[in-house]
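Structure record follows, encoded as structure tokens.
Nothing in this text is a laboratory measurement; each read-out follows from the coordinates by a stated rule. Quick caveat: nothing in here was measured; it's all calculated off a predicted structure. Here Cβ is always computed from backbone atoms with ideal geometry, including for glycine, and neighbour counts include all displayed protein chains.
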Amino acid sequence: MGLDRRKALKLGLAGAAAIPAGTSFAGTEAPRALIVSTWDFGAAANAAAYSAWKKSGSLLDAVEAGAWVPEADASNHSVGLGGYPDREGHVTLDAIIMDDRGNVGAVGALEDILHPISVARRVMEKTPHTFLVGEGARQFAIAQGFPTTRLLTPEAEAAWREWLKTAKYTPIANIENQRGSALDHDTIGIVACDASGRLAGACTTSGMAFKLRGRLGDSPQAGSGLMVEPGVGAATATGVGEEVTRIAGSARVVSSMRAGMSPMAACREAVLHIAKLRGDAVKDAQVGFLAIDRNGRVGAYSLQPGFTYAVTDLGGQTTVHAAQSLGQATASAR
């Protein structure tokens with residue numbers, strides 16, 4: 001689990017290195033971050049994002065291209081193609097994209113479309129709305145020329161049919177780094193800030209495995225799964241979406257940065273708030289926040305150990321880090 005899983009890097013980032021949280025940089029400041037994303041497989045997403053940014057200079061192009069990587073990866077059962085279905089066997093996808101000019105587009109419970117992040121961007125650019133869901137989102141995507149795709153793979157269907165034998169549900173923390181297992185949650189969140197301080201972000205997921213039909217988590221909701229604010233920074237969330245939604249988590253992180261907190265302190269504050277608010281209800285759950293401020297500083301914090309994230313600097317160098325966690329701090333205090 002976690003940092004020993006470098007399989008994601010074979011998708012296009014052989015040069016990425018794992019650096020434990022808290023590592024110093026030989027007395028110098030860490031290089032300014034450009035793109036950050038959740039989990040180990042974020043490294044491959046960052047590679048695609050960086051390539052797109054180099055070509056167009058657009059952060060929106062970058063975060064969209066990064067989201068495409070896990071969306072098209074059938075081995076990743078928490079995002080896009082190959083995602084685990086709901087309890088009725090339907091794979092439904094959620095996505096959101098935002099920039100720092102107040103532009104936002106999102107889709108929820110979208111079926112049969114491979115790249116929901118691109119549909120979300122089309123909602124943002126081609127409609128007066130910010131959020132389309134269900135069959136309406138599907139019809140819009142088809143009208144915009146997106147082809148339909150069967151998203152339920154044989155492996156995901158087999159896992160669903162096996163689950164139906166007991167229909168029991170137990171959250172598994174950090175399942176994002178255990179591909180091939182049944183999972184309770186996930187997303188990939190990508191946030192970016194260029195040298196001029198411009199910001200953008202994206203978030204995409206197939207949601208909680210074997211969820212009730214119609215369930216939406218935090219991922220496509222502005223202020224919960226993703227938040228971008230000009231002159232301040234951007235934040236994204238991962239883990240059990242219901243816990244993030246309860247506190248509008250990403251908006252809370254950005255608000256804390258606006259008040260003067262560092263990205264790390266802001267992420268930690270949101271996690272502490274969830275722990276205080278929910279108590280034993282989240283003792284085995286995972287929630288993580290990842291943020292970047294307008295100066296390219298990065299912070300991440302989670303409820304449980306095991307949350308990882310990928311950081312790509314302006315020169316294209318990528319490192320994978322282990323986030324600090326409340327669980328880790330609690331264990332150390334014993």
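By the beta-carbon count within 10 Å of each Cβ, the least crowded to most crowded order of Ser118, Ser75, fewest first, is Ser75, Ser118. Peptides 33-43, 143-153 ranked from most to least packed give 33-43, 143-153, packing being the mean of other C-beta atoms within 10 angstrom over each peptide's residues. Going by neighbour counts of Cβ atoms within 10 Å, the residues Cys267, Cys203 line up, fewest first, as Cys267, Cys203. List the pairs from Lys55/Lys211; Lys126/Lys165; Lys55/Lys126; Lys165/Lys276 whose alpha-carbon separation is above 32 Å, in the order I gave them. In this structure, Lys55/Lys211; Lys126/Lys165; Lys165/Lys276 lie more than 32 Å apart at Cα. Taking the centroid of alpha carbons for each part, segment 29-73 and segment 268-334 are 19 Å apart. Expressed to the nearest 5 percent, the antiparallel share of DSSP beta bridges inside segment 179-300 is 95 percent. Sorting His90, His77, His321 from the fewest to the most surrounding beta carbons within 10 angstrom yields His90, His321, His77.
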